[in-house]
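Q: Mind looking over this structure? Questions follow.
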Amino acid sequence: AYLGDVYCGQGRYEQAAEHHQQAIAVSREIGFPLGEALALTHLGDVHCGQGRYEQAAEHHQRALALCQAIGDRASEAHIRNSLGEAHRGSGQIDQARTQHSAAVTLAAGIGDYRELARAHHALARSNGGTPSSTPGPTSRL
């Protein structure tokens, strides 16, 4: 999946998507739901970078369900922030705020200060703090 992140950062979205899709398939095949969730959210980041926010949100939603099923709160916080970015990009500001607020609660509860800072920054953008910023890939996982 990380090679996909490199391609995404270079704007090589088709190659990035291909690598993330391969990671999804392999993770499913070996029964590794966290790997599948992370690859799904990275694929969502690719779509976000392309301005395809609805597709991004779909991938993030699937990733979120997997993380919730396995109880991975750290990944859930990250994915909720990514889902919030997709919602903000598509103009669904209330949904974005809801996701970022949930990420604040999760990240604070587990002491993930990096994700907590990301959530607060995203809330500020969703509240008009930096209107010129556009959502895009912000992966750390």
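The values are calculated or read from the model by the stated rules, or taken from the named source; none is laboratory data. The structure presented is a predicted model; accordingly, all values stated were derived computationally and were not measured. Note that we place each Cβ from the backbone using ideal geometry, even for glycine, and neighbour counts take in every protein chain shown. Areas reflect the complete protein model, heavy atoms only, side chains present, ligands, DNA and RNA absent. Shrake-Rupley method; radii C 1.70, N 1.55, O 1.52, S 1.80 Å.
Q: Write down Rg/Rh for region 8-60, rounded to two decimals, with Rg from the C-alpha atoms and Rh from the Kirkwood relation over Cα pairs.
A: Taking Rh as the inverse mean 1/r over Cα pairs, Rg/Rh reads 0.99.
Q: Given R₀ = 30 Å, FRET efficiency for F32-H120 by Cβ-Cβ distance, to 0.05?
A: 0.45
Q: Taking 0.36 nm per intervening residue step and subtracting the Cα-Cα distance, what contour gain separates Y113 from Y2 on full extension?
A: Roughly 37.7 nm would be gained on extension.
Q: Which FRET efficiency value, to the nearest 0.05, is calculated for E54 and E14 with the Förster distance at 25 angstrom and r the Cβ-Cβ distance?
A: The value I calculate is 0.85.
Q: Lys and Arg at +1, Asp and Glu at -1: add these up for the other residues within a Cβ distance under 9 Å of R125 and post the number.
A: Residues close to R125 contribute a combined charge of 0.
Q: Which residue fluctuates the most in the chain, going by a Gaussian network model with Cα springs under 10 Å, if the choices are A65, A96, A23?
A: Answer for the Gaussian network model of the chain: A65.
Q: With a 1.4 Å probe and every protein chain left in place, tell me how much accessible area Y13 has, in Å² to the nearest 10.
A: Accessible area of Y13: about 60 Å².
Q: Could you order peptides 74-81, 14-21 by the average number of other Cβ atoms within 10 Å of their residues, highest first?
A: Those peptides, ordered most packed to least, come out 74-81, 14-21.
Q: For Kirkwood radius over Cα pairs in Å, one of (1) 14.6; (2) 19.4; (3) 17.0 was computed from the structure I shared and the rest are decoys. Which label?
A: (1)
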